[in-house]
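The values are calculated or read from the model by the stated rules, or taken from the named source; none is laboratory data. Note that this is a predicted model, so its numbers are computed, not measured. Heads up, the Cβs are rebuilt from the backbone with ideal geometry, glycines too, and the neighbour counts pull from every protein chain shown. Heavy atoms of the whole protein, side chains included, go into the accessibility calculation; ligands, DNA and RNA do not. Shrake-Rupley method; radii C 1.70, N 1.55, O 1.52, S 1.80 Å.
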Amino acid sequence: MQECGRCHVKIRGNKRCCPLCGGPLSGEPENPAFPALPKRKFSRLSAVKLAAFLLIVFLISDGAMIYIMGGVPSWIPLSVLSAVVGFIDICVTMYYRNNALKTMQVQVIIGIFLSLVIDAVTGWHKWSIHWVMPVAFVGVMVATILIGMGLKMALQEFVLYLLMDTVLSLLQWIFLLKHMNCFQIPAVISSSACILMFLGILIFRWRDFTSASSRYFNI
Ligand SMILES: [Zn+2]
C-alpha cells in the first residue's frame with residue numbers, strides 16, 4: 001500500500017502522486033482496486049462497417065459480372081435484393097442486440113417479406129403464403145412467449161409484441177379473402193392460433209395488458 005508523506009493517508013492501487021495534495025508517495029503500489037474491463041474487440045460499429053464493405057464488394061462484383069456477360073443474368077436482381085436485406089438485417093441485429101425479442105420480431109418480419117418477394121420473383125408458386133407466413137407467425141408468437149418467460153420478463157414488457165404479431169398474422173386474410181390463397185388450411189389455423197394465444201393472455205393477464213397500454217399509448 002502507498003502512503004502520502006504529507007497527508008499521511010494510505011492509498012490503494014497504483015498512483016503516481018497523492019490524489020489529495022499531489023505530494024510524493026512512499027510504499028509499494030498495489031494492483032488497482034477496480035479491475036480494468038477488457039475492451040470489446042469487435043464493436044457493433046465494426047460489424048456494420050464490415051457488412052457495408054461486403055455489400056459494396058458484392059454490388060461491385062455484380063456490376064462487373066453484368067458488364068462481362070453483356071446483360072443482366074436472371075439471378076442478379078434476387079442476389080442484390082438478398083444482399084441488401086442481409087445488410088439491413090445485420091444493422092438491425094447490431095442495433096437491437098441487447099433486446100432479443102425486438103431482434104427476433106424484426107428478423108421474422110424481414111424473413112416473411114423476403115419470402116414473399118422471392119416467391120413473387122420466382123414465378124409465384126405461393127409457398128410463401130401457403131407455408132412460410134402461417135408457420136412464421138405461429139412460431140414468432142410461441143417464441144415470444146417462451147423468450148419472455150425464459151428471461152423472466154413481466155408480461156407487460158412483451159405483450160405488445162404479441163399484439164403486433166397477432167395483427168400481422170391477420171394480414172393472411174387479405175390473401176384468403178382475395179382468393180389468392182387456394183390452400184387455405186395453414187393460414188386459417190395460423191391466424192386463429194395467434195388470436196387464441198393473444199386472447200388467452202389478454203383474458204388471464206388483463207392487468208398487465210392495461211398497464212402496458214397506458215405506458216405506451218397514454219390511455
Ligand atoms: Zn497527500
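Some points to look at:
- Scanning the range 1-32 for residues that are assigned to a strand (DSSP E or B), aliphatic (A, V, I, L, M) and either open to solvent by 60 Å² or more (accessible area, probe 1.4 Å) or near the ligand (Cβ under 7 Å from one of its atoms) (or both) yields a total of 0.
- With respect to being over 30 Å from GLY86 (Cα atoms) and under 23 Å from the mean Cα position of the chain (by Cα), ARG207 falls outside the description.
Yes or no, residue by residue, for (1) under 30 Å from SER43 (Cβ atoms); (2) outside any helix (DSSP H, G or I); (3) modelled with pLDDT of 90 or more; (4) in the same structural domain as PHE198 (by TED's automatic domain parsing):
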residue	(1), (2), (3), (4)
GLY71	no, yes, no, no
ILE90	yes, no, no, no
ASP119	no, no, no, yes
GLU157	yes, no, no, yes
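- Set GLY150, GLY200: member being at pLDDT 85 or above and loosely packed, with under 15 Cβ neighbours inside 10 Å: GLY200
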